[in-house]
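Visitor: Here it is, the structure in full.
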Amino acid sequence: MKICFNEATTLKNSNLEKDLELCEKYGYDLIEIRLDKLREYLQDHKVEDLYNFFQTHRIKPYAFNALEFITFRNNEDYEELKKDLDFLCKIGTEINCSKIVVVPSFDVGDFTRKQIKEESVRVLNDLADIAENYGMELAFEFVGYPNCSVNTLDQAYEIVTEVGRSNVGLVIDCFHFHAMNSKLEDLKKVDPKKIFIFHIDDCEDIPPGMLRDNHRLLPGDGVIKLDSILKVLKEIGYDEMVSVELFRPEYWKWDAEKLIKVAKEKTELVVKKYFDF
Ligand code: ZN
């Protein structure tokens, strides 16, 4: 299992350059690059600088986060989304980062599950056509908020299965899995090859439907049954990567170095019971 750092963890207390240096220092294998931090980095760097960094360091890029609100968009917004996709695909091919996280829309109105599925399948196919030209892959991330149009694993997996393309898979995020009561039985049915990204985190003991990203905690510090999730992942044969992704404002007040160090230690402590690194 490779250990990855998701840049949301240090959203407000670091930037891409600093995340890269610190993650290399503390021995992360991979990094998920955030679109906003990438744009900021490119204000005074070239894509070539990023390529050179990865060429000369151990850490490698794994995915970009994220294209959000991909479904139920008006034409104008959808064109903007496709521009962002194109931008990430181009940079992805240059720096050998082949995955992009894509997130379903929120507050879409009274659509049925069937209608949401049709719209999600349609959009994922359309975006996957573009990504395919660059050899890029899309990782669809359900969000465990009541107002997200796709908020459980079974719903997301049904959509990804219907799309049925090799370059479209899932993000499974422990927080989102827990936050809307996704089921372990559903995780057991997932083809491990369809899990493109696995996000690890933990959270406070707040009832389902009321949990938000700011309630996330370091792995092992909260109430998510991480052991059960990891056990099932091992059973189904998933052992690719685990990415620590926290969005807790309290942690953004920490020194970034301390957070990056502790996040890796805590992740390893939880994961090592089931996987080798
Ligand atoms: Zn996530």
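Visitor: Does Val168 qualify as being modelled with pLDDT of 95 or more and crowded, with 24+ Cβ neighbours inside 10 Å?
Guide: yes
Visitor: Still on this model: With the structure loaded, tell me whether Val171 is hydrophobic (A, V, I, L, M, F, W, C), on the phi < 0 side of the Ramachandran plot and more than 16 Å from the ligand (Cβ to nearest atom) or whether it fails that test.
Guide: no
Visitor: Here's a follow-up. Condition first: touching a residue at least 40 places away in the same chain (Cβ under 8 Å) and touching a helix residue (DSSP H, G or I) at 6+ places or on another chain (Cβ under 7 Å). Now tell me which residues in region 183-197 satisfy that.
Guide: If the condition is that a residue be touching a residue at least 40 places away in the same chain (Cβ under 8 Å) and touching a helix residue (DSSP H, G or I) at 6+ places or on another chain (Cβ under 7 Å), then Leu184, Leu187, Lys188, Val190, Pro192 are the ones that fit.
Visitor: Could you tell me which residue of region 241-270 is surrounded by the fewest Cβ atoms within 10 Å (Cβ to Cβ), considering only residues that are of a type in the set (Lys, Arg) and within 15 Å of Tyr26 (Cα to Cα)?
Guide: The extreme case among them is Lys258.
Visitor: From the list Lys272, Lys225, which one is more than 18 Å from Thr9 (Cα to Cα), under 20 Å from the mean Cα position of the chain (by Cα) and among the basic types (Lys, Arg)?
Guide: Being more than 18 Å from Thr9 (Cα to Cα), under 20 Å from the mean Cα position of the chain (by Cα) and among the basic types (Lys, Arg) holds for just one of Lys272, Lys225, which is Lys225.
Visitor: Still on this model: Any residue at all in region 145-154 that is assigned to a helix (DSSP H, G or I) and more than 19 Å from the chain's Cα centre (by Cα)?
Guide: Within region 145-154, not a single residue is assigned to a helix (DSSP H, G or I) and more than 19 Å from the chain's Cα centre (by Cα).
Visitor: Residues of region 106-148 being small (Gly, Ala, Ser) and either at pLDDT below 95 or within 16 Å of the ligand (Cβ to nearest atom) (or both), which ones?
Guide: Ala139, Gly144
Visitor: Oh, and also: Check whether at least one residue in region 179-188 is under 16 Å from the mean Cα position of the chain (by Cα) and in a helix (DSSP H, G or I), and report yes or no.
Guide: Scanning region 179-188 turns up at least one residue that is under 16 Å from the mean Cα position of the chain (by Cα) and in a helix (DSSP H, G or I).
Visitor: So, in region 1-30, of the ones that are closer than 13 Å to Trp252 by Cα and within 16 Å of the ligand (Cβ to nearest atom), which residue ends up surrounded by the fewest Cβ atoms within 10 Å (Cβ to Cβ)?
Guide: Leu11
Visitor: Which of the helices (runs of 4 or more DSSP H) contained wholly in region 1-78 include at least 1 residues that are over 25 Å from Ile130 (Cβ atoms) and of a type in the set (Ser, Thr, Tyr)?
Guide: Ranges flagged: 47-56.
Visitor: While we're on this one: Ser228: among the hydroxyl-bearing types (Ser, Thr, Tyr), outside any loop (DSSP other than H, G, I, E, B) and away from the ligand (no atom under 16 Å from the Cβ), yes or no?
Guide: Yes; evaluated as a whole, the condition is true for this residue.
Visitor: I would also like to ask the following. Name the one entry in Lys183, Lys82 that is among the basic types (Lys, Arg), surrounded by fewer than 20 Cβ atoms within 10 Å (Cβ to Cβ), at pLDDT 95 or above and closer than 30 Å to Asp221 by Cα.
Guide: Only one candidate qualifies: Lys183.
The values are calculated or read from the model by the stated rules, or taken from the named source; none is laboratory data. Since the model is a prediction, treat every value here as computed from it, not as a measurement. In this analysis, Cβ positions are derived from the backbone assuming ideal geometry, glycine residues included, and neighbour counts consider all displayed protein chains.
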